[in-house]
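Here the structure is laid out as structure tokens; the discussion comes afterwards.
Just so it is clear, none of the values below were taken in a lab; they were calculated from the coordinates. Since the structure is predicted, the reported quantities are computational estimates derived from the model, not experimental observations. Because the Cβ atoms are built from the backbone with ideal geometry, glycine has one as well, and the counts that use them run over all protein chains shown.
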């Protein structure tokens, strides 16, 4: 599981220097795939975009997810309101946990929480009992996502996760915080990123 900070500074063709999340705004899926390839050398062959409502619905179908909160998370913007402890989170709570940036490292901390949450969904919920819930999940995916996945892609990915070790390798590309023209960015060196990832993608 590889994450790229949303504030990573990239030069978008026709739009100049921007944060990488602007690529989706300006050029949709094709531009963001192009920027990911330029930055990482990884060619993206499938895309899935799920909206907030779909995320919440799937968590609720799965019966919630047990999450350990390690530090206070109180944030009006995301709706997160957690003291340290263990929670069985509903879809609404899990979304607020995943969106919260109100911590010392802001988006970097949020990436860590998102990766942890995804890993826990797979570790706790991807088992044979999930098969009975697949019709509901497929219904949500068909209405709340935009994707070029085929039915075979969904099934094959599900089987890989079902029989995997349930402990996903979670990494974030190396970046450094910097202010450029009074805008906060994460600065990534393309060669350094590719070298960093090569150790994981052999």
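Assorted remarks:
- Among 50, 61, 131, residue whose mean-square fluctuation peaks in a GNM of the chain (springs only between Cα atoms under 10 Å): 131
- The range 48-147, Rg to Rh (Cα coordinates; Rh as Kirkwood inverse mean 1/r): 0.98
- Mean Cα-pair separation over length for the chain, i.e. relative contact order, pairs under 8 Å, 6 or more apart, %: 27
- Nearest-ten-degree value, helix 151-162 long axis tilted from longest Cα axis of the chain: 80
- Once the C-beta distance of residue 1 and residue 60 is scaled by a Förster radius of 25 Å, the resulting FRET efficiency is 0.65 to the nearest 0.05.
- The chain: most fluctuating residue of 170, 57, 99 per GNM, C-alpha cutoff 10 Å: 170
- Förster radius 25 Å - calculated FRET efficiency between residue 76 and residue 53 (Cβ-Cβ, nearest 0.05): 0.80
- Residues within the reach of a label modelled at residue 152 (point 7 angstrom out along Cα to beta-carbon, backbone nitrogen below 17 Å), restricted to the range 35-76, are 45-47.
- Size descriptor, Kirkwood hydrodynamic radius, that averages inverse alpha-carbon separations across the range 94-159, Å: 13.9
- Relative to the longest principal axis of the Cα atoms of the chain, the long axis of helix 52-61 makes an angle of roughly 30 degrees.
- Residues within the reach of a label modelled at residue 83 (point 7 angstrom out along Cα to beta-carbon, backbone nitrogen below 18 Å), restricted to the range 94-116: there are none.
- Value of Rg/Rh across the chain [Cα atoms, Kirkwood radius]: 0.96
- Relative contact order computed over the range 48-147 (Cα-Cα under 8 Å; 6+ residues apart), in percent: 36
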